[in-house]
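The values are calculated or read from the model by the stated rules, or taken from the named source; none is laboratory data. Quick caveat, the model's predicted, so the values are computed rather than measured. Glycine also receives a Cβ, built like all others from the backbone with ideal geometry; neighbour counts cover every protein chain displayed.
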Amino acid sequence: MAVGEFKLSALHNESTRMSRSLEAIVHVMGVTDHPHYTLEIRGYGPPQLDEAAVEQARLVRNARSELLASTRAVTYEMLANARNASIEATRQWVHRLRKAGRLIVVDAPDAKVIPTFQFDSVLDLRPDTADVVVALGTIGMDEWATWFWIYSPNGWLGSTPLEALDQGRLDDVLTAAERILPDR
């Protein structure tokens, strides 16, 4: 191309704004017959679909649904009622513990819920589960994954982490949590 020439190019797809914009530019500038301008429109076909991402999202949603159906959780209102406290005081208590990384709260389809494995029989925070939640948060595990991990059979423990905690095996559970990442 000589000095002063330029190339207008775009991916050609009739349904895109870019194509319509390019057509308007071509019309306004009259570049289709001009000797100093070249119009190049290339088509590459439909976009590549990310089947793996779709399947992963489906599996995550199914696992979350199963977890909600097979384990126990409470809403802020339920927790406030059981602890004989106001909803506002309960929200503040949960917020402080969550901010400190000692308690998990997840977004269920209808409300935020707090998995009850974290509480004792009077719904006070269990120190052992709080320690495990901290350890898992430290390695970057999100709240849903933490909840799932607590209820999943673990080869290092020979049980689920929650069962091991109920047996007083906090050190074993913390060691299992550290083994999740290979560089630890």
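Taking residue 132 as the residue in question, decide whether it is in contact (Cβ under 8 Å) with a residue 40 or more places away in the chain, surrounded by 15 or more Cβ atoms within 10 Å (Cβ to Cβ), over 16 Å from residue 162 (Cβ atoms) and β-branched (Val, Ile, Thr). Outline the logic, then answer.
Numbers: in contact (Cβ under 8 Å) with a residue 40 or more places away in the chain: yes; surrounded by 15 or more Cβ atoms within 10 Å (Cβ to Cβ): yes; over 16 Å from residue 162 (Cβ atoms): no; β-branched (Val, Ile, Thr): yes.
So residue 132 does not fit the description; no.
Among the residues of segment 135-153, those identified as outside any helix (DSSP H, G or I) and surrounded by fewer than 19 Cβ atoms within 10 Å (Cβ to Cβ) are 139, 140, 142, 152, 153. Residues that are part of a helix (DSSP H, G or I), outside the structural domain of residue 106 (by TED's automatic domain parsing) and at pLDDT 75 or above: does segment 38-52 have at least one? Looking through segment 38-52, at least one residue is part of a helix (DSSP H, G or I), outside the structural domain of residue 106 (by TED's automatic domain parsing) and at pLDDT 75 or above.
Would you say residue 83 is surrounded by 14 or more Cβ atoms within 10 Å (Cβ to Cβ), over 20 Å from residue 152 (Cα atoms) and touching a helix residue (DSSP H, G or I) at 6+ places or on another chain (Cβ under 8 Å)? In short, yes.
Of the candidates 97, 157, 79, 103, the single residue that is assigned to a loop (DSSP other than H, G, I, E, B) and more than 15 Å from residue 170 (Cα to Cα) is 103. Summed over segment 111-129, residues that are out of contact with any Ser or Thr (no Cβ under 9 Å at 6 or more places or on another chain), surrounded by fewer than 14 Cβ atoms within 10 Å (Cβ to Cβ) and part of a loop (DSSP other than H, G, I, E, B) total 4. Looking only at residues of segment 150-184 that are modelled with pLDDT under 95 and among the acidic types (Asp, Glu), we find that the one that is nearest to residue 131 (Cα to Cα) is 178. Checking 124, 142, 166, 172 one by one, the residue that is of a type in the set (D, E, K, R) and over 20 Å from residue 71 (Cα atoms) is 172 and no other.
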